[in-house]
Every structure is written in C-alpha cells, then in structure tokens.
C-alpha cells in the first residue's frame, strides 16, 4: 500500500533523500541545489512512499511528476527518477543543533530512517546534504 508523504525528494547516487520542513523553509531550493550537483528529482512538496520489506521506496506522484516550483520562476520541468529506496530524511529546522554525534531515528510510513536537521537557508545545505547521506544514510558501506 502506498501513501503520499508531504516532503520534497531527490535521488543522490540512487538513494532518496526526503527533505521536510514548513512551507517556505527552502525544501525546493535545496532540491534545486542538489539537482544542480547531479541529483534527480523524485517529487516536490509530495512523494509517494511504499514499503518493500524493510525498505521504503520513493516515487513521484503522477500528477506532479517532474515539476519543481522554483521561487520567482514558477513550475519548471526536470528529469524525474522513478522508484528509489529512501536513505535519509533531512529536516529544515531553525532550531537545528550546531553539532551532532549521530543521526536521529524517525519513523516514516512504518520504516525507521536516519534524520538530520539543517538550518534553513544555509547556502551550504546541498553540500551538507551530500555529506550527511554519505555519513548517515542507509546503504552506506
């Protein structure tokens, strides 16, 4: 059974990153910066999630597949990924801690996922997202 989850999602090296946060916190901007660095869009503001054993799979909701809202430009079309395992949750949070020893665990659609909080609007968030995926994301060797 699948559900639509309110988050923006991109695939980085075949692993999905869910980007959560309140409206206006920069989810789409972070996705755009990651796409500029080679990520592939899965969904903007919504992503379809489905359990497959212990894995959680992300795919684009059909009505918005390939569309990303770019502030000041409107809805733009991007290549879109199809079914990608979720490896990490990033939450844009103005109360994000300065230092962390480990990722938090968060339950999303019945799956336990590592989650890190990032300060909204930090110009280095795309780089931080890639580093977080490499260090804390599921499927890391």
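Only the coordinates and a few stated rules stand behind these numbers; no lab work does. Remember, it's a predicted structure, so these values are computed and weren't measured experimentally.
Along its three principal axes, how long is the chain when you only count alpha carbons? Whole Å, largest extent first please.
Computed over the Cα atoms, the extents are 38, 36, 25 Å.
Which of 73, 34, 56 ends up with the largest GNM mean-square fluctuation for the chain, with Cα atoms connected below 10 Å?
Answer for the Gaussian network model of the chain: 73.
With a Cα-only, solvent-free Debye model of the range 1-68, what are the log10 I(q)/I(0) values at q = 0.12, 0.21 Å⁻¹?
Values returned for q = 0.12, 0.21 Å⁻¹ are -0.27, -0.81.
Over the range 2-136, what is the relative contact order in whole percent, taking alpha-carbon pairs under 8 Å and six or more residues apart?
About 25 percent, as a whole number.
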